[in-house]
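Visitor: Starting off with a structure, shown below.
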Amino acid sequence: MSATFEKDENSGLLIVRCDPPVNGCCNFVFSSETIASWKALLGLASTREAIAAIMQGREDRSRYDPTTGRGVWTGAYEALESALDDSATDVSMLAADGEVMNDPLTAARNRAREGMSLPVMSNETDANLIATMAADDSDEEPSSGIDVTVTKDIEGLDDFLNDESSQSNLDECEERFYQSLMPRPQNNQQ
């Protein structure tokens, strides 16, 4: 496979061009904001994993309900908003005996992953991923189960991923995405 990665300086859009096509597409065009939202909504571990998911994902449009407007992503948005609104900070999903309990956010992310034809992850994988990312002492890139081999030979991608300016921009996009889902103070006028 021959593939290139570029950032359009005018629009800021990120473009992956593939020959032969990946998942039926020759070009993938997305924004840094798209990467931030996919990482948060699908529980992805890295920018590389988000780009791989974008390239491999295929939305099951039969899950869209035109009467309610609910689709593949709706439950993941709701679960993430609920998790961010939860007044309980630092809730552990580990039982006293070490068993991983059901996590509604992981379940919602998995429904979105299924709806995008991407692999699901267990509560245990999600908990281990969070612990690995929190430790931040591993040289190996963490994974939530998305096959990143499709991104390994994309010319220019590693330069983008290692560029401080690009990482700073992606961090800002992620912060804005989470901020947009944070609860707003209620106006208690009577």
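Visitor: Go through the range 73-90 and report how many residues are open to solvent by 40 Å² or more (accessible area, probe 1.4 Å) and either of a type in the set (S, T, N, Q) or part of a helix (DSSP H, G or I) (or both). First the steps, then the outcome.
Guide: Of all residues in the range 73-90, those open to solvent by 40 Å² or more (accessible area, probe 1.4 Å) come to 73, 77-78, 81-90.
Checking the rest, the ones that are also either of a type in the set (S, T, N, Q) or part of a helix (DSSP H, G or I) (or both) come to 77-78, 81-85, 87, 89.
Result for the range 73-90: 9.
Visitor: Right, here's the next one. Any idea how many residues of the range 76-134 are modelled with pLDDT of 90 or more, closer than 20 Å to GLU59 by Cβ and not polar (S, T, N, Q)?
Guide: 16
Visitor: Of the conditions (1) farther than 14 Å from LEU118 by Cβ; (2) assigned to a helix (DSSP H, G or I); (3) open to solvent by 10 Å² or more (accessible area, probe 1.4 Å), PHE28 fails just one. Which one is it?
Guide: Of everything listed in (1) farther than 14 Å from LEU118 by Cβ; (2) assigned to a helix (DSSP H, G or I); (3) open to solvent by 10 Å² or more (accessible area, probe 1.4 Å), PHE28 misses just condition (2).
Visitor: Looking at (1) under 29 Å from GLY75 (Cβ atoms); (2) open to solvent by 30 Å² or more (accessible area, probe 1.4 Å), which is the only condition LYS7 fails?
Guide: (1)
Visitor: Further, regarding this structure: Surrounded by 15 or more Cβ atoms within 10 Å (Cβ to Cβ), farther than 24 Å from PRO183 by Cβ and at pLDDT 95 or above: which single residue out of ALA45, ALA53, ALA36 fits that description? Even if it seems obvious, please write down each step before you answer.
Guide: Values: ALA45 fails: at pLDDT 95 or above; ALA36 fails: farther than 24 Å from PRO183 by Cβ.
Of the residues listed, the single one that is surrounded by 15 or more Cβ atoms within 10 Å (Cβ to Cβ), farther than 24 Å from PRO183 by Cβ and at pLDDT 95 or above is ALA53.
Visitor: While we're here: Scan ARG17, ARG63, ARG70, ARG58 and give me the residue that is of a type in the set (D, E, K, R) and either open to solvent by less than 40 Å² (accessible area, probe 1.4 Å) or touching a helix residue (DSSP H, G or I) at 6+ places or on another chain (Cβ under 7 Å) (or both).
Guide: ARG63
Visitor: Out of the range 147-186, which residues are more than 15 Å from LYS39 (Cβ to Cβ) and either crowded, with 18+ Cβ neighbours inside 10 Å or among the polar types (S, T, N, Q) (or both)? Break it down into steps so the answer makes sense when it comes.
Guide: Step one: list which residues in the range 147-186 are more than 15 Å from LYS39 (Cβ to Cβ), which gives 147, 149-150, 152-160, 162-165, 168, 182-186.
Selection gives THR149, VAL150, ILE154, LEU157, PHE160, ASN162, SER165, SER168, GLN186.
Visitor: Restricting the first residue to the range 131-157 and requiring it to be under 22 Å from GLU114 (Cβ atoms), which pairs with a second residue that is at pLDDT below 85 and open to solvent by 80 Å² or more (accessible area, probe 1.4 Å) meet a Cβ separation below 9 Å and a spacing of at least six or different chains?
Guide: Final answer for the pair search is PRO142/ASN128; PRO142/MET133; VAL148/GLU141; VAL150/MET1.
Visitor: Within the range 11-24, can one find any residue that is of a type in the set (Gly, Ala, Ser) and touching a residue at least 60 places away in the same chain (Cβ under 8 Å)?
Guide: Residues of the range 11-24 that are of a type in the set (Gly, Ala, Ser), as a first pass: 11-12, 24.
Okay, now just the ones that are also touching a residue at least 60 places away in the same chain (Cβ under 8 Å), so none.
No: the range 11-24 contains no residue that is of a type in the set (Gly, Ala, Ser) and touching a residue at least 60 places away in the same chain (Cβ under 8 Å).
The values are calculated or read from the model by the stated rules, or taken from the named source; none is laboratory data. Remember, predicted model here, so these are calculated numbers, not experimental data. Glycine gets a Cβ as well: all are built from the backbone with ideal geometry, and neighbour counts include every protein chain shown. We work out accessible area using only protein heavy atoms, side chains counted, and drop any ligands, DNA or RNA first. Shrake-Rupley method; radii C 1.70, N 1.55, O 1.52, S 1.80 Å.
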